[in-house]
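K.L.:
Mind looking over this structure? Questions follow.
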Amino acid sequence: MHASVRRTVAATALGMAVVATQSLAQDDLAAARKLALNHCGVCHAFDAGEGTRQGPNLWGALTRVAGTVEGFAYSDGFRKALAGKNWDAALLDRWLTDPQSVAPGTVMLYKQDDVEKRAALIRFLESLQ
């Protein structure tokens, strides 16, 4: 095979791999969004500009200090335990595993024991920037 043909074939294969990877990433994110809507959407909004519900809007959660969504009344337990802490993947993982262990007295009841589901929820929330 001529060198230019090999380069063209290699470039085409690489391009197809990138498209396939992007497609998988989009599918993964779509599945994570569906999971979040099913598990968290009753209490939380996810889109920029949406108001609060039973829980605060989660848009940009992983870029802000915990307990700072305007218009949401955080519990005393939440404010005391998370005062000044920034949300990050590790804190969110602990929170989703057992909110009461992170912030005793918080009113959030949801727990997620499944590591893969927690990871998917965190990936989805990381995408909300």
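K.L.:
Select from the range 108-120 the residues that are out of contact with any Leu (no Cβ under 6 Å at 6 or more places or on another chain) and surrounded by 16 or more Cβ atoms within 10 Å (Cβ to Cβ) and list them in ascending order.
P.N.:
Listed by number, the list holds a single entry, 108.
K.L.:
Quick one: would you say residue 100 is surrounded by 13 or more Cβ atoms within 10 Å (Cβ to Cβ), within 14 Å of the chain's Cα centre (by Cα) and of a type in the set (S, T, N, Q)? Walk me through how you get there before you give the answer.
P.N.:
Values: surrounded by 13 or more Cβ atoms within 10 Å (Cβ to Cβ): yes; within 14 Å of the chain's Cα centre (by Cα): no; of a type in the set (S, T, N, Q): yes.
Considered against the rule, which asks whether it is surrounded by 13 or more Cβ atoms within 10 Å (Cβ to Cβ), within 14 Å of the chain's Cα centre (by Cα) and of a type in the set (S, T, N, Q), residue 100 comes out as no.
K.L.:
Show the residue pairs meeting these rules: Cβ distance below 8 Å; 6+ apart or different chains; first residue within the range 82-93 and within 11 Å of residue 118 (Cβ to Cβ); second residue assigned to a helix (DSSP H, G or I) and of a type in the set (D, E, K, R).
P.N.:
89/126; 93/118
K.L.:
Separate question: So is residue 113 without any contact (Cβ under 8 Å) to a residue 40 or more places away in the chain, more than 17 Å from residue 40 (Cβ to Cβ) and acidic (Asp, Glu) or not? Outline the logic, then answer.
P.N.:
Details: without any contact (Cβ under 8 Å) to a residue 40 or more places away in the chain: yes; more than 17 Å from residue 40 (Cβ to Cβ): no; acidic (Asp, Glu): yes.
No.
K.L.:
On to the next question. Could you figure out which of (1) without any contact (Cβ under 8 Å) to a residue 40 or more places away in the chain; (2) surrounded by 15 or more Cβ atoms within 10 Å (Cβ to Cβ); (3) over 19 Å from residue 53 (Cβ atoms) isn't true of residue 78?
P.N.:
Only one criterion in (1) without any contact (Cβ under 8 Å) to a residue 40 or more places away in the chain; (2) surrounded by 15 or more Cβ atoms within 10 Å (Cβ to Cβ); (3) over 19 Å from residue 53 (Cβ atoms) is unmet by residue 78, namely (3).
K.L.:
Residues of the range 20-40 being at pLDDT below 95 and of a type in the set (S, T, N, Q), which ones?
P.N.:
Listed by number, the residues that qualify are 21, 22, 23, 26.
K.L.:
Can we say residue 128 is within 23 Å of residue 27 (Cα to Cα) and touching a Phe, Trp or Tyr at 6+ places or on another chain (Cβ under 8 Å)?
P.N.:
Numbers: within 23 Å of residue 27 (Cα to Cα): yes; touching a Phe, Trp or Tyr at 6+ places or on another chain (Cβ under 8 Å): yes.
Taking the combined requirement at face value, the residue satisfies it.
The values are calculated or read from the model by the stated rules, or taken from the named source; none is laboratory data. The shown structure was predicted, so the numbers you read here are calculated from the model rather than taken from an experiment. Glycine gets a Cβ as well: all are built from the backbone with ideal geometry, and neighbour counts include every protein chain shown.
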